[in-house]
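This report concerns only the one structure given below.
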Amino acid sequence: MAASLVLLLLAGPTAIARAQSGAAEGQKLAFDRGKGNCLTCHEIRGGDLAGTIGPALKDIKSKYPDRNELVAILNDETMRNPQTMMPPFGRNRILTEQEIDAIVDFLETL
């Protein structure tokens, strides 16, 4: 986390604002029952009526230090785990690449 913060600080205020804006947009998408719909299966701090099918989403940066792994999971988790219940949001075009990036920005704050 410290390295990410240093990179953001070196990039300047615009990069910090963009990351915060992406995380805010990602939270909206994650909590939106018609879009990301993450709360149907996952407990997420700040969310209401969370499901318990998937794991609680917390300590994400320590569990997934490689951002690309989270992007791949949201895009199509069946590539890693054919038995998953996780919908292939990217492959099925439920979420765009930009929306997946925003959700990953949010997940990295958990």
Checklist entry - Across segment 56-73, in residue order, what do the Karplus-derived ³J(HN,Hα) couplings come to in whole Hz, using 6.51 cos²θ - 1.76 cosθ + 1.60 with θ = phi - 60° and x for Gly and Pro? => result 5, 8, 8, 6, 5, 4, 6, 6, 10, x, 8, 3, 4, 5, 5, 4, 5, 4
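Taking the Cβ of D32 as the centre, find all other residues whose Cβ is under 13 Å away and add up their charges (Lys, Arg: +1; Asp, Glu: -1). Walk me through the numbers before you get to the answer.
Numbers: positive: K28, R33, K35; negative: E25, D48, E99.
After counting each charged neighbour, the total is 0.
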Checklist entry - From the backbone phi of segment 89-103, what are the Karplus-calculated ³J(HN,Hα) couplings (6.51 cos²θ - 1.76 cosθ + 1.60, θ = phi - 60°) in whole Hz, Gly and Pro given as x? => result 4, x, 4, 8, 6, 6, 10, 7, 4, 5, 5, 4, 4, 5, 5
Checklist entry - Which aspartates and glutamates have a Cα less than 16 Å from the Cα of K28, not counting those fewer than 8 places away in the same chain? => result E43, D48, E97, E99, D101, D105, E108
Checklist entry - For C41, which sequence-distant residues (separation of 5 or more, or a different chain) have an amide H within less than 5 Å of its own amide H, given hydrogens modelled in the peptide plane? => result G51
Next on the checklist: Give me the extension gain from A56 to R93: residue separation times 0.36 nm, minus the current Cα-Cα distance, reported in nm with one decimal.
Outcome noted: 10.9 nm
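Between D32 and K63, what length in nm is gained on full extension when 0.36 nm per residue of separation is reduced by their alpha carbon distance?
Numbers: separation 31, 0.36 × 31 = 11.16 nm, distance 2.40 nm.
Here the segment from D32 to K63 would lengthen by 8.8 nm.
Where a number appears in this text, it was derived from the coordinates with a stated rule and is not lab data. Keep in mind that this is a model prediction, so the values were computed, not measured. FYI the Cβ positions are ideal-geometry reconstructions off the backbone, even for glycines, and counts take in every protein chain you see.
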